[in-house]
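Derivation of every value follows stated rules applied to the coordinates shown; laboratory data play no part. Please read these numbers as outputs of a predicted model, since none were measured by experiment. Positions of Cβ are backbone-derived with ideal geometry, glycine not excepted, and every protein chain shown enters the neighbour counts.
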Ligand code: NAD
Ligand code: AKB
């Protein structure tokens, strides 16, 4: 039987650090090769192999995959929504070419499985905002959302046309404390905890009643691993699954934090990210993920807030 050998690309990012550590626990430290453009993250140091890699260099990536007998790739390198709006052509180039490089190598080398995350950013102002369904109008207006939607189509294409076992989730905004977020619109829901602890006040760059779908990182890591461990016959969606856990506004998370830090106050100064958030869903219908491979979130707003404040 072939042994699993996993390559994580973008391992030093918000998701990559935690996912790499979780995969190392499951598959053995030596069998999970972490890679990134950046220097190795402190939390990864000493936990397993690390290489410096630019995913845009297809030849280097191909050589790495062959040399290390890689059987699975988790591709996490990307430019997120807020950063993407500052340089749309760069965001498109990186988000698309990284995925095409990985999908094509997966096809050529007959790799076992590929993971690539999509986002709630695929939806746009014409999608139903409440409990946004799996299949609905998808007309993203940010370059990040456009690249994620195109990426979903490429994933499905490589699966249907070439049999590549690629799997994907439309993550909501992810909240975590171990590794810093990388330039998203939902990052306010992380900043707020740091500011609450340090200064007992926070000025939100989204308006008080902007509801967005969110998820605590332990749920996101578990969802990713459960999707990847599921029998291929259960994965009916080969573009990307809707994935939900909670939905709240800046006002609501502020009120939840106040239960633990009574002196905490909030102000609101919406900036360019407000327009991005206004085009995204308020909440997500993830019934297909629940039905197909048994998805069930564990953390709600109260449990996530308590845990974040304990760990920050
Ligand atoms: P991040 O920005 O924190 O991490 C991305 C990592 O990729 C960084 O460490 C960066 O150095 C690396 N990287 C960038 N360009 C690279 C290149 N050319 N070669 C190699 N590495 C490169 O992002 P994240 O939040 O961890 O997101 C990971 C994935 O999950 C992305 O596809 C993102 O779109 C998706 N996603 C994230 C969220 C979230 O809330 N964090 C939500 C939805 C989807
Ligand atoms: C972002 O805000 O860009 C990400 C996402 C929801 O994809 N957190």
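Observations on the structure shown:
- Beta bridges by DSSP in the chain, antiparallel share as percent, to the nearest 5: 10 percent
- Relative exposure of 35, 119, judged by other C-beta atoms within 10 Å (fewest first): 35, 119
- Look at 3, 58, 296 and count the other Cβ atoms within 10 Å of each Cβ; fewest to most, that gives 3, 296, 58.
- Cα-projected label distance for residue 43 with residue 22, points at 7 Å along beta-carbon direction, nm: 1.1 nm
- Put simply, the convex hull of the Cα atoms in the stretch 1-109 casts, on average, a shadow of 7.0 nm².
- For the chain, averaging the sequence separation of C-alpha pairs within contact (under 8 Å, six or more residues apart) and dividing by the residue count gives a relative contact order of 19 percent.
- For the pair the stretch 202-216 / the stretch 218-265, the C-alpha centres are spaced 14 Å from each other.
- DSSP beta bridges in the stretch 117-272 [antiparallel fraction, %, rounded to 5]: 20 percent
- Over the stretch 185-312 - Rg/Rh using Cα atoms and the Kirkwood inverse-distance radius: 1.03
- Relative contact order of the stretch 61-191, defined on C-alpha pairs under 8 angstrom at six or more residues apart (%): 30 percent
- Folded to 0 to 90 degrees: helix 301-311 orientation relative to the chain principal axis, Cα: 80 degrees
- Listed residues 280, 154, 116, most fluctuating in the chain (Gaussian network, C-alpha, under 10 Å): 154
- Helix 217-229 axis, angle to the chain major axis (alpha carbon atoms, nearest 10°): 30 degrees
- Equivalent ellipsoid dimensions for the chain as semi-axes, Å, which come from the Cα gyration tensor, largest first: 31, 22, 18
- Note on residue 272 and residue 107: with the Förster distance fixed at 45 Å, the Cβ-Cβ geometry gives a FRET efficiency of about 0.70.
- Neighbour counts of other Cβ atoms within 10 Å put 85, 208, 298 in the fewest-to-most order 298, 208, 85.
- The gain in end-to-end length when the residue 255 to residue 3 segment is fully stretched comes to 85.9 nm, 0.36 nm per residue minus the alpha carbon separation.
- Cα long-axis angle, helix 143-162 against the chain (0 to 90 degrees, to the nearest 10): 30 degrees
- Computed E for residue 307/residue 157 - FRET, C-beta separation, R0 51 angstrom, nearest 0.05: 0.85
- Estimated from the Cβ-Cβ distance and a Förster radius of 45 angstrom, the FRET efficiency linking residue 199 and residue 60 is about 0.55.
- Rough spin-label spacing in nm, given labels placed 7 Å along Cα→Cβ, for residue 150 and residue 180: 2.9 nm
- For the stretch 168-258, the relative contact order is 45 percent, taking Cα pairs closer than 8 Å that sit 6 or more residues apart in sequence and dividing their mean separation by the residue count.
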